[in-house]
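One structure is given below, encoded as C-alpha coordinates.
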Amino acid sequence: MWFEILLIPFFLIVALFFVFWIVAEGSRWQKHRFLGAFARTIQASPLRAFLIFFILAILTIPSAMGFLLGFWVDAIEADQIPTNTTPVVGTLLITILVLSAMIPVVWSHFRVWRQAARSAAEVKVQASRE
(Lines give C-alpha, C1' and ligand atoms only; values in the text may rest on other atoms or scores of the structure.)
Protein backbone atom coordinates (compact mmCIF):
# COMPACT_ATOMS: atom_id res chain seq x y z
CA MET A 1 0.00 0.00 0.00
CA TRP A 2 2.76 2.51 0.92
CA PHE A 3 4.63 1.78 -2.27
CA GLU A 4 1.64 2.83 -4.36
CA ILE A 5 0.96 5.89 -2.22
CA LEU A 6 4.57 7.06 -2.45
CA LEU A 7 4.61 6.54 -6.22
CA ILE A 8 2.11 9.40 -6.58
CA PRO A 9 4.56 12.26 -5.84
CA PHE A 10 7.10 10.80 -8.27
CA PHE A 11 4.60 10.59 -11.10
CA LEU A 12 3.24 14.06 -10.30
CA ILE A 13 6.72 15.58 -10.49
CA VAL A 14 7.49 13.84 -13.77
CA ALA A 15 4.10 14.84 -15.21
CA LEU A 16 4.58 18.48 -14.13
CA PHE A 17 8.04 18.51 -15.69
CA PHE A 18 6.61 17.14 -18.93
CA VAL A 19 3.77 19.68 -18.99
CA PHE A 20 6.13 22.58 -18.35
CA TRP A 21 8.49 21.24 -21.01
CA ILE A 22 5.68 21.15 -23.57
CA VAL A 23 4.53 24.72 -22.91
CA ALA A 24 7.95 26.30 -22.37
CA GLU A 25 8.25 27.39 -25.99
CA GLY A 26 5.70 29.23 -28.08
CA SER A 27 3.14 31.85 -27.20
CA ARG A 28 0.25 29.85 -28.66
CA TRP A 29 0.12 27.82 -25.44
CA GLN A 30 -0.76 30.90 -23.39
CA LYS A 31 -4.32 30.86 -24.70
CA HIS A 32 -4.81 27.12 -24.27
CA ARG A 33 -7.77 26.20 -22.12
CA PHE A 34 -5.94 23.91 -19.70
CA LEU A 35 -2.24 24.51 -20.28
CA GLY A 36 -2.42 28.32 -20.42
CA ALA A 37 -1.67 28.80 -16.74
CA PHE A 38 1.42 26.61 -17.02
CA ALA A 39 2.57 28.48 -20.13
CA ARG A 40 2.11 31.91 -18.60
CA THR A 41 3.96 30.79 -15.47
CA ILE A 42 7.01 29.40 -17.19
CA GLN A 43 7.24 31.93 -20.01
CA ALA A 44 7.35 34.91 -17.64
CA SER A 45 11.15 35.01 -17.49
CA PRO A 46 14.16 32.84 -18.29
CA LEU A 47 15.08 32.71 -14.59
CA ARG A 48 11.67 31.38 -13.65
CA ALA A 49 11.82 28.73 -16.37
CA PHE A 50 15.24 27.57 -15.19
CA LEU A 51 14.21 27.50 -11.53
CA ILE A 52 11.03 25.52 -12.24
CA PHE A 53 12.89 22.90 -14.24
CA PHE A 54 15.78 22.78 -11.75
CA ILE A 55 13.52 22.36 -8.72
CA LEU A 56 11.44 19.66 -10.40
CA ALA A 57 14.58 17.78 -11.45
CA ILE A 58 16.00 17.95 -7.92
CA LEU A 59 12.68 16.80 -6.41
CA THR A 60 12.72 13.58 -8.44
CA ILE A 61 15.52 12.19 -6.27
CA PRO A 62 13.75 12.30 -2.88
CA SER A 63 10.48 11.20 -4.47
CA ALA A 64 12.22 8.17 -5.99
CA MET A 65 13.72 7.36 -2.61
CA GLY A 66 10.20 7.73 -1.20
CA PHE A 67 8.75 4.92 -3.27
CA LEU A 68 11.75 2.76 -2.35
CA LEU A 69 10.93 3.48 1.29
CA GLY A 70 7.33 2.52 0.56
CA PHE A 71 8.49 -0.81 -0.86
CA TRP A 72 10.50 -1.52 2.28
CA VAL A 73 7.65 -0.52 4.61
CA ASP A 74 5.26 -2.81 2.72
CA ALA A 75 7.76 -5.67 2.94
CA ILE A 76 8.29 -5.17 6.67
CA GLU A 77 4.52 -4.96 7.30
CA ALA A 78 4.15 -8.29 5.49
CA ASP A 79 6.77 -9.81 7.85
CA GLN A 80 9.29 -10.20 5.06
CA ILE A 81 12.64 -8.56 5.52
CA PRO A 82 14.06 -7.33 2.18
CA THR A 83 17.30 -9.24 1.72
CA ASN A 84 18.23 -8.52 -1.89
CA THR A 85 19.26 -5.28 -3.57
CA THR A 86 16.90 -5.53 -6.54
CA PRO A 87 14.55 -2.72 -5.37
CA VAL A 88 17.51 -0.40 -4.75
CA VAL A 89 19.01 -1.08 -8.16
CA GLY A 90 15.64 -0.70 -9.86
CA THR A 91 15.00 2.61 -8.11
CA LEU A 92 18.43 3.91 -9.07
CA LEU A 93 17.93 2.88 -12.68
CA ILE A 94 14.55 4.60 -12.85
CA THR A 95 15.99 7.73 -11.25
CA ILE A 96 18.94 7.80 -13.65
CA LEU A 97 16.65 7.26 -16.63
CA VAL A 98 14.32 10.08 -15.63
CA LEU A 99 17.18 12.45 -14.78
CA SER A 100 18.91 11.69 -18.08
CA ALA A 101 15.85 13.14 -19.80
CA MET A 102 15.54 16.09 -17.40
CA ILE A 103 19.15 17.30 -17.21
CA PRO A 104 19.43 18.47 -20.86
CA VAL A 105 16.24 20.50 -20.46
CA VAL A 106 17.48 22.07 -17.24
CA TRP A 107 20.86 22.81 -18.81
CA SER A 108 19.36 24.43 -21.90
CA HIS A 109 17.15 26.69 -19.79
CA PHE A 110 20.14 27.56 -17.61
CA ARG A 111 22.02 28.64 -20.72
CA VAL A 112 19.07 30.76 -21.90
CA TRP A 113 18.85 32.46 -18.50
CA ARG A 114 22.60 33.04 -18.38
CA GLN A 115 22.57 34.59 -21.87
CA ALA A 116 19.60 36.81 -20.96
CA ALA A 117 21.40 37.99 -17.82
CA ARG A 118 24.55 38.75 -19.81
CA SER A 119 22.71 40.73 -22.46
CA ALA A 120 20.81 42.69 -19.79
CA ALA A 121 24.08 43.55 -18.07
CA GLU A 122 25.62 44.56 -21.40
CA VAL A 123 22.69 46.86 -22.17
CA LYS A 124 23.01 48.38 -18.70
CA VAL A 125 26.72 49.05 -19.24
CA GLN A 126 26.08 50.63 -22.63
CA ALA A 127 23.35 52.83 -21.19
CA SER A 128 25.67 54.03 -18.44
CA ARG A 129 28.36 54.96 -21.00
CA GLU A 130 25.99 57.20 -22.93
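The values are calculated or read from the model by the stated rules, or taken from the named source; none is laboratory data. Note that the structure is predicted; figures quoted are calculated from it, not measured. Heads up, the Cβs are rebuilt from the backbone with ideal geometry, glycines too, and the neighbour counts pull from every protein chain shown. These accessible areas exclude ligands, DNA and RNA; they are computed on the full protein's heavy atoms, side chains included. Shrake-Rupley method; radii C 1.70, N 1.55, O 1.52, S 1.80 Å.
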Item to check | Looking only at segment 121-130, and only at residues there that are small (G, A, S) and open to solvent by 60 Å² or more (accessible area, probe 1.4 Å), the one that is farthest from V14 (Cα to Cα) | outcome: S128
Checklist entry - Does segment 32-39 contain any residue that is touching a residue at least 40 places away in the same chain (Cβ under 8 Å), open to solvent by 90 Å² or more (accessible area, probe 1.4 Å) and not aromatic (F, W, Y)? => result no
Checklist entry - In segment 92-113, how many are in contact (Cβ under 8 Å) with a residue 12 or more places away in the chain and basic (K, R)? => result 0
Checklist entry - Consider F54 against the criteria (1) open to solvent by 60 Å² or more (accessible area, probe 1.4 Å); (2) among the hydrophobic types (A, V, I, L, M, F, W, C); (3) more than 21 Å from A15 (Cα to Cα); (4) in contact (Cβ under 8 Å) with a residue 12 or more places away in the chain: it satisfies all of them except one. Which criterion is unmet? => result (3)
Item to check | Test for I61: is it closer than 28 Å to M1 by Cα, open to solvent by 60 Å² or more (accessible area, probe 1.4 Å) and under 17 Å from the mean Cα position of the chain (by Cα) | outcome: yes
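If you go through segment 89-109 one residue at a time, how many are of a type outside the set (S, T, Y) and open to solvent by less than 50 Å² (accessible area, probe 1.4 Å)? Spell out how you get there, then give the answer.
Start the filter on segment 89-109 by keeping residues that are of a type outside the set (S, T, Y), which leaves 89-90, 92-94, 96-99, 101-107, 109.
Going one step further and asking which of them are open to solvent by less than 50 Å² (accessible area, probe 1.4 Å), we end up with 90, 98-99, 102, 105-106, 109.
Qualifying residue count, segment 89-109: 7.
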Checklist outcome for this item: Per the list (1) under 16 Å from F11 (Cα atoms); (2) surrounded by fewer than 16 Cβ atoms within 10 Å (Cβ to Cβ); (3) touching a helix residue (DSSP H, G or I) at 6+ places or on another chain (Cβ under 7 Å), residue check on V73 breaks on (1)
